[in-house]
Each structure stands twice: as structure tokens, then as C-alpha cells.
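The values are calculated or read from the model by the stated rules, or taken from the named source; none is laboratory data. Everything numeric here is computed off the predicted structure, so don't read it as measured data. Glycine also receives a Cβ, built like all others from the backbone with ideal geometry; neighbour counts cover every protein chain displayed. Note: accessible area is taken over every heavy atom of the protein model, side chains too, but ligands, DNA and RNA are not part of it. Shrake-Rupley method; radii C 1.70, N 1.55, O 1.52, S 1.80 Å.
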Amino acid sequence: QVQFVESGGGLVQPGGSLRLSCEASGFTFDIYRMRWYRQAPGKEREWIATITTQTGGSTNHADSVKGRLTISRDNTKNTVYLQMDSLKPEDTAVYFCNAYGLDTWGQGTRVTVSS
């Protein structure tokens, strides 16, 4: 079955960096656009980035993260990444990946930005 396993979250100070990974399985990874979402405490799940099907494909990022968070993928590893730089306290959330058109979600990985 379709599965997503997110990892790489943790506690980081403001201005710090993290790299999230999401390993996908159970479907043909390289024909799906991939997306990252996040859900902050008490808020709705929020889209933050999309990448087209190819490794090194075109990307689109939400204005709130543009220039700081960057999506990428490696189709040889069935994995999508989120490089997170210049982190802010408002980036604190659980981060999820998803394949566009598949209604399946993983457990997410928690990111806490705090001094």
C-alpha cells in the first residue's frame, strides 16, 4: 500500500537549519508530483511546496517559506526532501509529504524552532 515515512525533524534554534526526508513506497514514485505540507498547533494543514515528477524538476513554494525552505527529490531513492534554512519560530509544525492525487498521509515529522 501507499506509504510515506517522514524523518529529520527536531528542535532547532531560530536561524538554524534542518533537512527533512520523506521516503515513499507502494506506488510509482516518478510519475507523481510530490508536495510538502505542515500543520502548526491549533491550525489547519498548510501547503508549502510542490515539485514536478523529475529529479531536479520544477518547484513552487508558498510565499511564507520562499527563499528559506526548498523542496527536492531523488527518484532513485523514492525520496523527497525539504531543506529548511533560516528557520523561524513560526515554522514550528508537524511536516508531512504527499503525492499529488493520492489521499494518503504519513505520521509526519515534528519541527520545533525555539531558543
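Give me the Kirkwood hydrodynamic radius of region 58-110 in Å, from all C-alpha pairs, to one decimal place? Don't jump to the answer; show the numbers that get you there.
On the way: mean 1/r = 0.0793 Å⁻¹.
Its Kirkwood hydrodynamic radius stands at 12.6 Å.
Report the paramagnetic label zone for S7: residues of region 58-102 whose backbone N is under 13 Å from a point 7 Å from Cα along the Cα-to-Cβ axis.
79-80
I'd like the carbon and sulfur percentage of the solvent accessible area for the chain, probe radius 1.4 Å, heavy atoms only, ligands and nucleic acids excluded. Please list the in-between numbers first.
Working: 2660 of 6110 Å².
The nonpolar share, carbon plus sulfur, comes to 44 percent.
Given Cβ point charges of +1 (Lys, Arg) and -1 (Asp, Glu) and nothing else, what value in debye, to the nearest 20, does the dipole of the chain about its Cα centre take? Walk me through the numbers on the way to the answer.
Details: 12 positive and 11 negative charges, 22 e Å.
Using only the charged Cβ atoms, the result is roughly 100 debye.
Straight-line reach from K66: which lysines have Cα under 16 Å away, leaving out those fewer than 8 places along the same chain?
By straight Cα distance, K66 reaches K88.
State the percent of C-alpha pairs, over all pairs in the chain, separated by a distance greater than 20 angstrom. Provide the component values of the computation, followed by the final result.
Values: 2223 of 6555 pairs.
Of the Cα pairs, 34 percent sit more than 20 Å apart.
How compact is region 10-64 by the rule of thumb for globular proteins, expressed as Cα Rg over 2.2 N^0.38 Å? Don't skip to the end; give the middle numbers.
Working: Rg = 13.5 Å, N = 55, 2.2 N^0.38 = 10.1 Å.
In units of the globular-protein estimate, region 10-64 measures up at 1.34.
Using a probe radius of 1.4 Å on heavy atoms only, what accessible surface per residue do you get for region 44-115? Whole Å² is fine.
Numbers: 3660 Å² over 72 residues.
Dividing the accessible area of region 44-115 by its residue count gives 51 Å².
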